[in-house]
Amino acid sequence: MSAAALDLASPEVIAKYEAVIGLEVHVQLSTRTKIFCGCPTSFGAQPNTNVCPVCLGLPGALPVLSREAVELAIRGALALNCEIRPVSRFARKNYFYPDLPKGYQISQYDEPFAERGFVDIVVDSAPRRIGVTRVHMEDDAGKSQHEGFRDSDKYTYVDLNRSGTPLIEIVSEPDMRSSDEAFAYLTELKQNIQFVQASTCDMEKGHLRCDANVSVRPRGQQELGTKVEIKNLNSFRFLKQAIDFEIARQVGVIEGGGRIHQETRLYNSDSGETVGMRSKEQAHDYRYFPEPDLVPLRIGDAWLAEVRQAMPELPGARRNRFISQYGLRDYDAGVLTASRALAEYFEETASVAGDPRLAANWVMGDLTGLLKASGREIEDSPVAAKHLGELIGLLTKGELTGKLAKDVLARMFETGDAPGVIVEREGIRAMGDSGALEKMIDDVLAANPKQVEQYRAGKTTLIGFFVGQIMKASRGQADPAALNELLKSRLG
């Protein structure tokens, strides 16, 4: 067992302390080109091919700020309820690293373009508001790739394709008190950013990365403890695990008479531990000074109003509306607003179907099952929302049974055809003719005299057996309501 693991405190001891957590989230904006040059931001290109003198930091190359990047950054900040500053400035953040070709990062320091926002979350049915201190723009560094384990065959390769891609850094207030709250905050933040299409937030491609600042203090104490930064958490699960481990580690150190030192740590997902990386830098270590090659960024009222006007309804507001307008359960509303595409698909389906709750069930159930089985997302659904609404309409009118509707949906998924086309082409109809149903009932009852006798003797659960036999004989076309009524009449 590692030394870090030995310092872990028990749950009972941890309960005497309060965690204080803040997150710094880096989001790559969905621009076509980099923030200060015209190089593409496409993922997966051959190493060091999407580069130019500007993003390589060659002498004499001058940056030119991308208007598209600024507009997406404004969208992202508005999605977090931030105030947009009319004037902000870029600065040089100086540090050396092999994948930082300029020797500095162009960022924003004391005058960010957005500040004083918030994100509302709910954890264990309790609402919480997490403050957002600031959102600032910056360019990304490149990427180092390490190979080999022994000193004699260790190699590091530098790919500068990512250098200069546009980022926003979202710095929260230290308002979170548990890993569950941090998880909920990051989830809501990600959904909001995706809804306004500022970023895909694809963590596998590095479009969303998170650092966590964690400290602990005895419950009731107002003074903050010494914080530790956990860098480069690239999944929601690892974020939660790293915070839980770090809380237990810090409490263990304090209870053992030790002191927490301000430092940067990394999370090892294999061991489930955080490990020391370096002492934590202070702002003065970066020697910030105003970027001399860029004029101040001015965001006028007209431009800001234009961006606001184009903003969609955010996930939280849409969830509340789905509950009040459509009568959906909290859980269903949450599922259906997990992405903007899914929410819009549901609303179009419900408007055509005329029954929002039934539409929600079909979108979350049968359609989602088909999408998962085929490895597709809702954006790639071969079943148009309008067509799914039409299918639900046929079901509610009694023209299709539940089983027939599922069969038609499967054909819709295969062909992309409208339900009416499939029904007409294949002659699919619910059997509403009572004469035909009566004959089937008589045939089934005649073939199962023992079960009929048992039913009439009081074993009424056998009704399900008879229904199953008749549905099988009708190939699922019997109308369940008419069938049950006629069957009970015959058996009675």
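In table form, for the structure just shown:
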{"quantity": "Leading residue at positive end of dipole, the chain (Cβ point charges), from ALA410, SER179, ASN161", "calculated": "ALA410"}
{"quantity": "Alpha-carbon Rg with Dmax, taken over segment 125-167, Å", "calculated": "18.9, 55"}
{"quantity": "Per residue Cα convex hull volume in Å³ - calculated over segment 85-167", "calculated": "154 Å³"}
{"quantity": "Cα gyration tensor, segment 234-379 - rounded (a/c under 1.5), prolate or oblate", "calculated": "oblate"}
{"quantity": "Across LYS439/LYS459; LYS397/LYS450; LYS403/LYS488; LYS406/LYS472, pairs whose alpha-carbon gap is larger than 26 Å", "calculated": "LYS397/LYS450"}
{"quantity": "Rel. contact order, % - alpha carbon contacts under 8 angstrom, at least six apart, the chain", "calculated": "14 percent"}
{"quantity": "Rotationally averaged projected area of the chain (alpha carbon convex hull; nm²)", "calculated": "33.4 nm²"}
{"quantity": "Approximate spin-label separation ARG376-GLU485, in nm, with each point projected 7 Å along Cα-to-Cβ", "calculated": "3.8 nm"}
{"quantity": "0 to 90° range, to nearest 10: angle between helix 480-491 axis and the chain longest Cα axis", "calculated": "40 degrees"}
{"quantity": "Gain in span if fully extended, PHE289 to LEU62, counting 0.36 nm per residue against the direct Cα distance", "calculated": "80.0 nm"}
{"quantity": "Residue pairs, from the table LYS102/LYS231; LYS154/LYS205; LYS143/LYS190; LYS34/LYS372, whose Cα atoms sit over 29 Å apart", "calculated": "LYS34/LYS372"}
{"quantity": "Nearest-20 debye value, segment 302-440 charge dipole, Cβ charges on Lys, Arg, Asp, Glu", "calculated": "320 debye"}
{"quantity": "Built amide H within the under 5 Å cut-off of ASN268, gap 5+", "calculated": "GLU273, THR274, VAL275"}
{"quantity": "Carbon plus sulfur fraction of accessible area for segment 85-185, probe 1.4 Å, in percent", "calculated": "50 percent"}
{"quantity": "Using a Förster distance of 45 Å, the FRET efficiency for VAL13-PHE118 (Cβ separation, nearest 0.05)", "calculated": "0.85"}
{"quantity": "Cα principal axis extents for segment 1-136, largest first, Å", "calculated": "60, 43, 30"}
{"quantity": "Shape of segment 354-425, Cα gyration tensor, a/c cut at 1.5", "calculated": "oblate"}
{"quantity": "Tilt relative to the chain, helix 385-396 - C-alpha long axis, 0 to 90 degrees, to 10", "calculated": "30 degrees"}
{"quantity": "Under the Karplus curve 6.51 cos²θ - 1.76 cosθ + 1.60, θ = phi - 60°, whole-Hz ³J(HN,Hα) for segment 28-35, x wherever Gly or Pro sits", "calculated": "7, 6, 8, 8, 7, 10, 6, 6"}
{"quantity": "Eligible lysines near LYS16 by straight Cα distance, threshold 21 Å, same-chain separation 8 or greater", "calculated": "LYS227, LYS240"}
{"quantity": "On Cα atoms only, tilt of 236-255 relative to the major axis of the chain in degrees", "calculated": "50 degrees"}
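The values are calculated or read from the model by the stated rules, or taken from the named source; none is laboratory data. What you see is a predicted model, and the numbers here were worked out from it, not measured in a lab. Cβ: placed from backbone, ideal geometry, glycine included. Neighbour counts: every protein chain shown. Note: areas computed on protein heavy atoms with side chains; ligands, DNA, RNA excluded. Shrake-Rupley method; radii C 1.70, N 1.55, O 1.52, S 1.80 Å.
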